[in-house]
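Undergrad: What follows is a single structure, and I will ask about it in a moment.
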Amino acid sequence: MGGDPPVTVDVVQRVRRGKAQEFEALLGEIIATASTFEGYLGASVFRPSDADGLAERECRIVLKFDHLENLKRWEHAPVRQRFLQQARLLTVDAGTFAIITGLETWFTLPGRPGMVAPPRYKMVVVSALAIFGINQVLAFLPPELLTPLLPALRLLVAVFLTTTTMTYVVMPRLTKLLAWWLYP
């Protein structure tokens with residue numbers, strides 16, 4: 001699986017004035033069709049707060065696939081190509097498109113779609129600081145909690161706790177806190 005990682009696709013489209021309803025209908029078809037493809041894990045759509053349809057609207061669409069190869073199948077499917085042709089009539093330009101894999105998924109800022117991930121050395125530094133901090137906290141757990149477990153199982157529990165804490169607690173906050181350095 002090392003060469004075929006899970007992927008997140010981040011698309012930002014500006015919808016033409018007065019075309020919001022048509023775009024929403026097309027988007028529904030696109031997501032429904034994508035969901036029938038192998039490896040599809042889900043989609044999220046972030047819409048602008050103004051719903052009056054008088055101005056251009058920027059929509060962010062996030063698709064997730066279990067493997068890059070499955071995403072490529074979706075991207076090259078004739079049905080997707082037809083959807084893209086229809087979308088061109090409803091959008092201002094080609095929009096932005098980013099495929100995010102691996103560490104990059106930890107380095108996303110809310111409200112800043114389509115940003116290029118920071119340089120890898122910065123991601124390594126921030127990730128290492130986070131893992132170090134989490135492991136320092138885990139060291140305070142009473143040893144008798146994990147002692148009855150086999151060493152490999154103790155390590156698995158520690159890795160699971162570290163990864164979960166990294167993904168849901170530490171990295172979103174640390175990325176926001178260090179945004180000045182990560183995204184100068």
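Undergrad: So which residues in the range 83-99 are under 23 Å from the mean Cα position of the chain (by Cα), touching a residue at least 60 places away in the same chain (Cβ under 8 Å) and over 15 Å from L71 (Cβ atoms), if there are any at all?
TA: Of everything in the range 83-99, those that are under 23 Å from the mean Cα position of the chain (by Cα), touching a residue at least 60 places away in the same chain (Cβ under 8 Å) and over 15 Å from L71 (Cβ atoms) turn out to be A87, T91, D93, G95, T96.
Undergrad: Ok, one more. Scan R57, R73, R82, R88 and give me the residue that is at pLDDT below 90 and not aromatic (F, W, Y).
TA: Testing whether each residue is at pLDDT below 90 and not aromatic (F, W, Y) leaves just R57.
Undergrad: Go through the range 1-42 and give me each residue that's buried (at least 16 other Cβ atoms within 10 Å of the Cβ) and among the small types (G, A, S).
TA: A20, A34, G39
Undergrad: Separate question: Where the second residue is polar (S, T, N, Q) and assigned to a helix (DSSP H, G or I) and the first is touching a residue at least 40 places away in the same chain (Cβ under 8 Å) and lies in the range 148-166, which pairs have Cβ atoms under 9 Å and are six or more apart or on separate chains?
TA: Sorted first by the residue in the range 148-166, then by its partner, the pairs are M166/S127.
Undergrad: So which pairs qualify, if the first residue must be in the range 117-141 and at pLDDT below 85, the second must be in a helix (DSSP H, G or I) and hydrophobic (A, V, I, L, M, F, W, C), the Cβ gap must be under 6 Å, and the two must be at least 6 apart or on different chains?
TA: Once the first residue is at pLDDT below 85 and sits in the range 117-141, its partners that are in a helix (DSSP H, G or I) and hydrophobic (A, V, I, L, M, F, W, C) give P118/L182; M123/L103.
Yes or no, residue by residue, for (1) more than 17 Å from M123 (Cα to Cα); (2) over 30 Å from the mean Cα position of the chain (by Cα):
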residue: P151; (1), (2): yes, yes
residue: V157; (1), (2): yes, no
residue: F160; (1), (2): yes, no
residue: T163; (1), (2): no, no
residue: V170; (1), (2): no, no
residue: Y183; (1), (2): no, no
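The values are calculated or read from the model by the stated rules, or taken from the named source; none is laboratory data. Here the structure is a predicted model, which is why all the values come from computation and not from measurement. FYI the Cβ positions are ideal-geometry reconstructions off the backbone, even for glycines, and counts take in every protein chain you see.
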